[in-house]
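Report on one structure; see the data block that follows.
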Amino acid sequence: MTGDVVNLRQFRKRRERTEKEKQAEQNRISFGRTKAEKSLTKALNDKADSRLDQGRIERPAADEGDAGKD
């Protein structure tokens, strides 16, 4: 019934190292791109936003003075 003895300090340091490595990987993905890649991503996002806005149906705003006159 005895478990393995674990040095908590080493366990904590190992866990922190892996978390830092995960963050470093995310930063490499986010910030380690060329200017062309960044501009392409921005252009694709702008195009997607404009397409989304084109499909939006504008509804006329209700007059605030008419509310409560029923």
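We did not get these values from a lab; they are worked out from the coordinates using the rules stated. This one's a predicted model, so the numbers in the text were calculated from it and none came from an experiment. With ideal geometry, Cβ positions are generated from the backbone for all residues, glycine too; neighbour counts draw on all protein chains shown.
The label-point distance for Glu37 and Glu16, in a model that sets each label 7 Å from Cα toward Cβ, rounds to 3.0 nm.
In the chain, the DSSP-assigned H stretches of four residues or longer account for a calculated mean residue ellipticity at 222 nm of -22000 deg cm²/dmol, using -39500 (n - 2.57) per stretch and the full residue count as denominator. For segment 9-26 versus segment 38-53, the inter-centroid distance based on Cα atoms is 35 Å. Taking the Cα centre of the chain as reference, the dipole from Cβ charges on Lys and Arg (+1) and Asp and Glu (-1) amounts to some 980 debye.
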